[in-house]
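Right, one structure below, let's go through it.
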Amino acid sequence: MKVLLSINTTVIWIAIAVAGVVILCLLAYLLYCRIADNLYKKIFSRPAPMPKVDRSPRNIPQDKPSGRAKNWFYTHRREYLNVVIRSYDGTRLAAYYRRSGDQDCKNTVILLHGYNEHPSEMAPYAKMFMNNFKCNILIPHMRAHCMSYGKYCTYGIYETEDLNAWIRFAVKQGGPATRVYLMGRSMGAVTSLICAAQPNVAPNVAGVVADCPYDSLNNVLVHIGKKRYNIDFTRMLKKINVKVKTELEFDMSICNAADFARSIQVPVLLYVGTEDDVAVPDGVRNIYNNLECQKRMVMINDAGHCGAYDKDPEDYEKELRKFIETCVMRLVKIGRM
């Protein structure tokens, strides 16, 4: 009887231990799913509602070139029209549009801001293009940002289709001979690169200027996870990607500017700050190395993320002028000018 009781007690303790391990594993998995779900929302979801009007900030710091350019933008704000279009999925998109003073102008630049930024952050680039090239300026509010609608930010995937819609708008406004230059920073830069790589991109696209583009969404998220939280998000991204595939209907791995770079045929100018801790220099170099078109990469010493223009505006503008000349020479060579 004692032997039987001893055996039963041992079996019971083993069963309890196994059950405990199973419960702990289940709790760990549920916690893993909960964290992944929260990260998914943090990465892709955007707050709503969006503002219906755009008011000038009361205070715009003037200590940096970008601040002075933003002040210039709001000083001339009434010269920009508020325009609205619908994207491929019916999403309402907004933008600022300013026609060139030259009525015969056939050049339009589309300026795309980064994640969680306002379109007015593109003021320095708008001012450069206006002063140097007298072209039409189009500054979209990116999907799910500011005055554009949308529930999710997809870091260049849905935004590429939005950009195609803006290119069509620009060509409709300027005529079939319109030459379109794409310029973006951070997420806007990635969107410009992915768009230019599409086989159905409008032939009007004449060049791409990409300021601090990250090579892939997965890489930048892993890098930020390690830097800010000291956590390796590699495994977590696999779970997040399952939700992305289900709800957003794409695979995170396709948000990869370095892969798309191989298909770009128009000239590309890349800017990168040596101290950029988001679009790290090695990642930008991956994009550069994969480009098979006319290309140039400009390293701005001591510049952080989106800080290249503020760090060295003269060199930045000089490189931009040289790049536009490269694009023009190519257009002349292929008979489009």
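The values are calculated or read from the model by the stated rules, or taken from the named source; none is laboratory data. Bear in mind that the values here come from a model prediction, so they are computed numbers and not experimental data. Methodologically, a virtual Cβ is constructed for each residue, glycine included, from the backbone with ideal geometry; neighbour enumeration extends over all protein chains shown. For accessibility, only protein heavy atoms count, side chains too; no ligands or nucleic acids. Shrake-Rupley method; radii C 1.70, N 1.55, O 1.52, S 1.80 Å.
For the range 173-186, indicate whether the set of residues that are closer than 30 Å to THR246 by Cβ, of a type in the set (A, V, I, L, M) and buried (at least 24 other Cβ atoms within 10 Å of the Cβ) is non-empty. No; the residues of the range 173-186 include none that is closer than 30 Å to THR246 by Cβ, of a type in the set (A, V, I, L, M) and buried (at least 24 other Cβ atoms within 10 Å of the Cβ).
The number of residues in the range 157-203 being aromatic (Phe, Trp, Tyr), farther than 21 Å from GLU121 by Cα and touching a helix residue (DSSP H, G or I) at 6+ places or on another chain (Cβ under 9 Å) comes to 1. Exactly one residue out of ASN116, ASN131 is closer than 25 Å to PRO65 by Cβ and in a loop (DSSP other than H, G, I, E, B), and it is ASN116.
Considering the range 248-288, and only residues there that are without any contact (Cβ under 8 Å) to a residue 24 or more places away in the chain and more than 21 Å from GLY114 (Cβ to Cβ), the residue that is farthest from the chain's Cα centre (by Cα) turns out to be GLU249. Residue selection: THR154 fails the criterion of being open to solvent by 30 Å² or more (accessible area, probe 1.4 Å), more than 29 Å from VAL332 (Cα to Cα) and either polar (S, T, N, Q) or modelled with pLDDT of 95 or more (or both). Within the range 173-215, the residues that satisfy the criterion of being within 20 Å of the chain's Cα centre (by Cα) and assigned to a helix (DSSP H, G or I) are MET187, GLY188, ALA189, VAL190, THR191, SER192, LEU193, ILE194, CYS195, ALA196. Among the residues of the range 134-172, those that are hydrophobic (A, V, I, L, M, F, W, C), in contact with a Pro (Cβ under 8 Å, 6 or more places away or on another chain) and assigned to a helix (DSSP H, G or I) comprise LEU163, TRP166. Filtered by the rule that a residue be in a strand (DSSP E or B) and among the basic types (Lys, Arg), the range 277-314 gives LYS295, ARG296. The single condition among (1) assigned to a loop (DSSP other than H, G, I, E, B); (2) open to solvent by less than 60 Å² (accessible area, probe 1.4 Å); (3) closer than 23 Å to ARG168 by Cβ that VAL109 does not satisfy is (1). Of the residues making up the range 144-161, those that are of a type in the set (Gly, Ala, Ser) and more than 14 Å from THR191 (Cα to Cα) are ALA144, SER148, GLY150. Would you confirm whether or not the range 256-276 contains a residue that is under 24 Å from VAL205 (Cα atoms), open to solvent by 10 Å² or more (accessible area, probe 1.4 Å) and either in a strand (DSSP E or B) or modelled with pLDDT under 95 (or both)? Yes, some residue in the range 256-276 is under 24 Å from VAL205 (Cα atoms), open to solvent by 10 Å² or more (accessible area, probe 1.4 Å) and either in a strand (DSSP E or B) or modelled with pLDDT under 95 (or both). Looking at ASP259, ASP312, just one residue is acidic (Asp, Glu) and more than 30 Å from ASP89 (Cβ to Cβ), and that residue is ASP312. Just wondering, is there one or more residues in the range 45-54 that are among the aliphatic types (A, V, I, L, M), closer than 30 Å to TYR316 by Cβ and either open to solvent by less than 40 Å² (accessible area, probe 1.4 Å) or at pLDDT below 90 (or both)? No, the range 45-54 has no match at all. Give the residues of the range 297-306 that are buried (at least 19 other Cβ atoms within 10 Å of the Cβ) and small (Gly, Ala, Ser), sorted by residue number. Across the range 297-306, the qualifying residue is only ALA303.
The listed residues are ILE60, ILE85, and the only one of them that is in a strand (DSSP E or B) and either out of contact with any Asp or Glu (no Cβ under 9 Å at 6 or more places or on another chain) or more than 26 Å from SER216 (Cβ to Cβ) (or both) turns out to be ILE85.
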